[in-house]
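Here the structure comes first, spelled out in structure tokens, and everything after it is commentary.
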Amino acid sequence: MTSADHAQPLRDFQPKAKFFIGIDSDGCVFDTMEIKHKECFAPMFIKHFHLQSASKYAREAWEFVNLYSQSRGCNRFHAVASSLQLLQRRPEVLARQTKIFNPKLIEQWTKRESKLSEGTLTSEIKNGRTKLAPVLDWSRAVNTAIADIVEGVPPFPLVRECLDKMASRADVMVISQTPGEALHREWAEHDIDKHVRLIAGQEMGSKTEHLKLAAAGKYPPENILMIGDAPGDYKAAKANHALFFPIVPHEEEASWKELFDHGLERFFAGKFAGNYEHKVFEEFHASLPETPPWKEVKTNS
């Protein structure tokens, strides 16, 4: 099946309600970001890119990119390139003469391909770009580790209550860069998939594409809300002139309470845009830095 075919359910999506709500999954609905990145992504990053000699710094780079910065929540393939770039600029790594996989190989592919998934990466490798094989091996190993390790992580408090309130008045869709198989498994495990009309993972394209194909032009912009815990969720919303409510990292419980107590009612009443949206966004933006806390060196890479 081609990437275009994967996105067809988004094109076919038709409104049944007046409002549309897109909702991210990892780190937003489920408290899975820490366990996935610290116990699955980072160890496989160190193993498959042979970073054992600089494992401490490799882990710090991975966690900064994926958990503690403005790039939080980005697609895993963008994350690999960004983490490798950080390692190229870290003096301690250079001093150890650790060989770093060339991130430009990944960047060249991610600039050509909008639907970043194992399927499109497999096609890329089959078409002659065999140097990307370690990236595919790493991604598959991550999926295996997640399936093995991540289970029994429930939704944040008040998520179920918010989903009940959403589904009674809006068409709700999962919008994520996690592989679809994992999303379906996790939402079904906790019996909350019944609240959403469609689950869209990385195979269907970027979050911006998800919103564009499923909601833009089908609902008034002021009736479209994106809920997420990463700057990429905000960018996807604004690229489609939609509203955004943040689940602030490390303040997730308070964010869901705010959404349940005030945010959803403001959205449904047409009182979300403006001062309220600006206030909740500023708190979110301030929680994630743009630059790492360690010193970097300039390179020609």
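A few remarks follow.
- Out of ARG169, ARG160, ARG185, ARG197, sole residue that is in contact with a Phe, Trp or Tyr (Cβ under 7 Å, 6 or more places away or on another chain) and open to solvent by 10 Å² or more (accessible area, probe 1.4 Å): ARG169
- Long-range neighbours under 8 Å by Cβ, at least six apart or interchain, first residue farther than 23 Å from LEU259 by Cβ and free of Cβ contacts under 8 Å to residues at least 24 places away in the same chain within segment 26-47, second surrounded by fewer than 21 Cβ atoms within 10 Å (Cβ to Cβ) and of a type in the set (Lys, Arg): ALA42/ARG59; ILE46/ARG59
- Residue selected from segment 8-27 under the condition under 23 Å from PHE244 (Cα atoms) and out of contact with any strand residue (DSSP E or B) (no Cβ under 8 Å at 6 or more places or on another chain), by the criterion least open to solvent (accessible area, probe 1.4 Å): GLY27
- Selection of segment 74-115 for residues being closer than 17 Å to ARG59 by Cβ and among the β-branched types (Val, Ile, Thr) yields VAL80, VAL93, THR98, ILE100.
- Single residue of segment 26-59 satisfying the filter (of a type in the set (S, T, N, Q) and modelled with pLDDT of 95 or more) that is nearest to the chain's Cα centre (by Cα): SER55
- For segment 274-301, the set of residues classified as open to solvent by less than 70 Å² (accessible area, probe 1.4 Å) and not in a helix (DSSP H, G or I) consists of GLY274, SER287, LEU288, PRO289, PRO292, TRP294, VAL297, THR299, listed by residue number.
- Residues in segment 206-264 that are of a type in the set (Val, Ile, Thr), in contact with an Asp or Glu (Cβ under 7 Å, 6 or more places away or on another chain) and within 20 Å of GLY274 (Cβ to Cβ): ILE227, VAL248.
- Only a single item in (1) within 16 Å of the chain's Cα centre (by Cα); (2) small (Gly, Ala, Ser); (3) at pLDDT 95 or above is not met by ALA230, and it is number (3).
- Members of segment 221-277 that are of a type in the set (Ser, Thr, Tyr) and under 23 Å from HIS210 (Cα atoms): TYR234
- Any hit, segment 275-286, residues being of a type in the set (D, E, K, R) and under 18 Å from SER176 (Cα atoms): no
- GLU151 vs. criteria modelled with pLDDT under 95, under 23 Å from GLU253 (Cα atoms), open to solvent by 30 Å² or more (accessible area, probe 1.4 Å) and acidic (Asp, Glu): yes
- Residue among LEU136, LEU132, LEU158 that is at positive phi and modelled with pLDDT of 95 or more: LEU158
The values are calculated or read from the model by the stated rules, or taken from the named source; none is laboratory data. Just so it is clear, the model here is predicted, and its values are computed rather than measured. All Cβ positions, glycine included, derive from the backbone under ideal geometry; neighbour counts span all protein chains shown. Heavy atoms of the whole protein, side chains included, go into the accessibility calculation; ligands, DNA and RNA do not. Shrake-Rupley method; radii C 1.70, N 1.55, O 1.52, S 1.80 Å.
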